[in-house]
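To start, the structure under review is shown below, and the notes come after it.
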Amino acid sequence: MIEGYFGRESIGGGERLDIHVSTDSASFRVDFYRIGAVNEFAGSTEWFPGRQAPAPAHPDGTPGHASPAVDWNWPAYGFTLSLHWNPGVYVALFVESQGQPYDIDPLEGFGRAFFVLRPRILGRATILYKISSFTRHAYNRSDGPHIERASSLYDHPVYVPGHDGSHAGHAVSTHRPGRLVELSYWDAPFIGWLERTGYRVEFCTDLDLHIDPGLLRWYRLLLSVGHDEYWTATMREHVERFVDDGGNVAFFSANTCWWRIHVTDDGTTLVSDTDHRVGNVYPHLPATDRWWTPKPDGVGMPENTLSGVSFRNGGMWPTEGAWPGDRPRTGFTVQHADHWVYEGTGLRDGCDGGPADALGAGLPLIGYECDGAAFSYDEDGLARPTGADGTPENFLILGIMVLDPLHEDIHDLRMGHWNCATREPDITGPRAATMGIHTRNGTVFTAATTDWPVIVGQGSDPAIDRVTRNILDRLSN
């Protein structure tokens, strides 16, 4: 039995990595792999003496559950990273001296953790890939093999009252063990595709973007990938300024910027006033850290103003059994096929008198969560944003999948609006997954679905591959 986590998730070559481990083995080592076109072995630590450490008790006294809100403070072992390792995303496997040999596949297994190895000189690539590390920590249940702790921001959460100027809200510590579901499902396939297709990319974590106001100035394009739900106000400020100054963003993600989060304890604790139950009660409603909700009940800054879309006009497919489950495979109905995003795809939009094509038809492209914009149809039958929800007037809807009225094959859909414990008084219109683009000095593209990088990474559709290349090529130059 072995579990662990890192003191930091972003580090430079030649720096000390603190490895926090609990094990019942007499000794252990850590094997490191760089994630890319192949998962490449990079090196190992020496053998360390093993020690077993307890998980902190949950404050509600629930047997078998640990607190997700505090530093687990497990024994630390130091390892200095080689200056010769290539920058990128690394996964570490914790190996027991008496255990079975570990396999890097699948990535999401137990007894492993990840970190970003930053380049010594920033900006040799024009694309910066942001790992959605805050969202990963919010969902991290700190499960272990044969251990069901079920403690996260969603499972048996802990609400901390604000005092002495601190933020009140649900708290999670980044110093906890856990699986790498998000990295394995969304990031690894896309990172592999980027490397196989020749794109040079540098990486950062959410905390890097939060801490460093000058980080984005080295790049032309920022990538948000997969499930990017939790943002600090400082992160958003940095990205908004980047776009205002002519930088570009591609959101190959959804449920993006849904909750505001506050970073405390030197970057090791995240606090967000959400609408998640603690026990059978909501500790505080309205949830003041929802971005779109008007002040004083929320932040009052709709995420649409940045990305063009919001989960409030999208939705998700809840699953029974294996996550992420299945969903409709109708794809995005194509609009404006003459736009450069569609160049080389051969897709049609129906303006020639025939039916419009669908991008990703037959594939689970849209979901497991998706975002949308309030829209209406013009006299030509094209969906156009109304702006009622904060979507910019110049947001061009390039593809759309209407989610309501509900029909048989999407009866399991949960609308983003109705996922809220506190309801929006006035529904802003029909829900639809809404792929689109807008410009305000810099250009912002949104795929409006969490699973875009999965489909791209699997090489499932030449048209989706080409659209992705068009976006990367155009916006990274």
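Listed values, structure above:
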item	result
The chain - mean residue ellipticity at 222 nm from DSSP helices (-39,500 (n - 2.57) per run, n ≥ 4, rounded to 500)	-3500 deg cm²/dmol
Antiparallel bridges, percent of DSSP beta bridges restricted to the chain (to nearest 5)	75
Test item: Cα-centred dipole of the chain, Lys/Arg +1 and Asp/Glu -1 on Cβ, debye	960
Mean separation of Cα contacts under 8 Å, 6 or more apart, over the residue count of the chain: relative contact order %	14
Unit Cα scatterers, Debye sum, the stretch 2-272: log10 I(q)/I(0) for q = 0.12 Å⁻¹	-0.73
Net charge of Cβ neighbours under 13 Å - reference TRP340; Lys, Arg +1; Asp, Glu -1	0
In degrees, nearest ten, helix 233-244 long axis to first principal axis of the chain (Cα)	40
Charge dipole magnitude, Cβ of K and R +1, D and E -1 - the stretch 2-272, Cα centre, debye nearest 20	580
Helix 462-476 vs. the chain, principal-axis angle (Cα, 0 to 90°, nearest 10)	80
Protection-proxy order for peptides 281-288, 81-88, 21-28, each taking the mean of Cβ atoms within 10 Å per residue, highest first	21-28, 281-288, 81-88
Spin-label pair ARG29/ARG474, simplified geometry with 7 Å Cα→Cβ offset, distance in nm	5.0
Neighbourhood net charge (11 Å Cβ-Cβ; Lys/Arg +1, Asp/Glu -1) for HIS58	-1
Label-point gap, in nm, between GLN52 and ASP380 - each point 7 angstrom along Cα→Cβ	6.9
Euclidean distance of C-alpha centroids, the stretch 187-237 and the stretch 317-362, integer Å	26
Positive-pole candidate from VAL444, ALA358, MET316, dipole of the chain, charges at beta carbon	VAL444
Per-peptide average of other Cβ atoms within 10 Å, ordering 461-468, 250-257, 166-173 highest first	250-257, 166-173, 461-468
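Bear in mind that the values in this text are calculations on the coordinates, not laboratory data. Computed from a predicted model, the values in this text were never measured in an experiment. So basically every Cβ, Gly included, is an ideal-geometry build from the backbone, and we count neighbours across all protein chains shown.
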